[in-house]
Amino acid sequence: MNILVIEDDQRIAELIQRGLGEHGFYTTLAFDGLSGMKLAFQNDYNLIITDIILPKIDGLDLCKQIREIKPDIPIIMLTALGTTDDKVEGFDAGADDYLVKPFEMRELLVRIRALLKRHTKTISNSGNVLKYSELEMNLNTKIVKRKGLEINLTPKEFNLLKFMLENSERVLSRVEIAENVWDTHFDTGTNFIDVYINYLRKKVDKEFDTKLIHTKSGMGFILKVE
């Protein structure tokens, strides 16, 4: 497995390289965003790990540009910025996971393995189209429509809605959503999941009389016609 690590702190980059190497991963290092972007475009990697605060091109812009050329490559962001808004900004840029510094190598390894495992899964549902009521998601084209009207979603909004479509009419807890959509277990005190549910509501339900996304107090959320 080949991993690109983009981190301007050489000590941290080399620690990650050594830790991943001990577990069988081959890593390439880049110490600024521009070098990282060139390597990402020129080579095939199984996963990219990038800091957010980088010289030349910051990690958010870097992630957006990589997503345009290689939309399916798993990306983990490393940063000292750990608020809900920071995480939302990172995920909206196209990151698949978000790890706050300082972190333990074993946690990074768990995130990497979970992302690689999820990335290699092939999902099949009625020719790669998920449907519920008036809502339709094409997993090949990444197009979401409701009543024939296209809905523009960020990558994380897409994955969240996909999970809800796959589990329609079933109450999904915040922990279950975090573990399956973000491959992590967020602190119960965060409103991170609620933020993304609200994003989906504005895009999926706001312009329609029939609401599909509902909150079950004390339990979680459900995709259902009520």
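The values are calculated or read from the model by the stated rules, or taken from the named source; none is laboratory data. This one's a predicted model, so the numbers in the text were calculated from it and none came from an experiment. Don't worry about glycine lacking a Cβ; one is built from the backbone with ideal geometry, like all the others, and counts go over all protein chains shown. Ligands, DNA and RNA are excluded from the accessible area calculation, which covers all protein heavy atoms including side chains. Shrake-Rupley method; radii C 1.70, N 1.55, O 1.52, S 1.80 Å.
General remarks:
- Fluctuation leader among L200, L130, L115 - the chain, Gaussian network, Cα springs under 10 angstrom: L130
- Average Cα contact separation per residue, the chain, under 8 Å, 6 or more apart, as relative contact order %: 13
- Applying both filters, DSSP loop and at most 16 other Cβ atoms within 10 Å, to the GluC sites (Glu not before Pro) of region 1-103 gives E22.
- Net charge, D97 excluded, C-beta distance under 13 Å - Lys, Arg +1, Asp, Glu -1: +2
- Along region 206-222 the Karplus relation, 6.51 cos²θ - 1.76 cosθ + 1.60 evaluated at θ = phi - 60°, assigns HN-Hα couplings of 4, 8, 10, 5, 7, 8, 10, 9, 10, 9, 9, 3, x, 10, x, 9, 9 Hz to successive residues, with x for each Gly and Pro.
- Per residue solvent-accessible surface (Å²) - the chain, probe of 1.4 Å: 51
- Residue-span extension gain [L15 to D72] - 0.36 nm each, minus C-alpha spacing: 17.9 nm
- Cα-based shape type of region 1-121, given that a ≥ b ≥ c are square roots of the gyration tensor eigenvalues and the cut on a/c is 1.5: rounded
- Taking I177, I16, I143 as the candidate residues, the one with maximal mean-square fluctuation in a Gaussian network model of the chain, Cα springs under 10 Å, is I143.
- The chain: antiparallel DSSP beta bridges as a percent of all, rounded to 5: 50
- Of G33, G90, G19, the one that fluctuates the most in a GNM where the chain has Cα springs shorter than 10 Å: G19
- Percentage relative contact order, region 21-137, counting C-alpha pairs under 8 Å, at least six apart: 20
- Other residues lying with their Cβ under 10 Å from the Cβ of M77 contribute a combined charge of -4, Lys and Arg counting +1, Asp and Glu -1.
- Cα gyration tensor category, rounded, prolate or oblate, for region 1-69 with a/c compared to 1.5: oblate
- Charge sum, other residues only, whose C-beta stays under 13 Å from Q65's C-beta, Lys/Arg counted +1 and Asp/Glu -1: +2
- Apolar share of the accessible surface for the chain: 47 percent from carbon plus sulfur atoms, 1.4 Å probe.
- Cross-link pairs beyond the 22 Å C-alpha cut-off, checked among K87/K147; K38/K70; K117/K202; K87/K162; K145/K202; K87/K131: K87/K147; K117/K202; K87/K131
- Between F103 and M1, the simple label model (points 7 Å from Cα in the Cβ direction) yields a spacing of 1.3 nm.
- Low-density loop cleavage sites - GluC sites (Glu not before Pro) in region 141-186, where at most 11 other Cβ are within 10 Å (DSSP): E169
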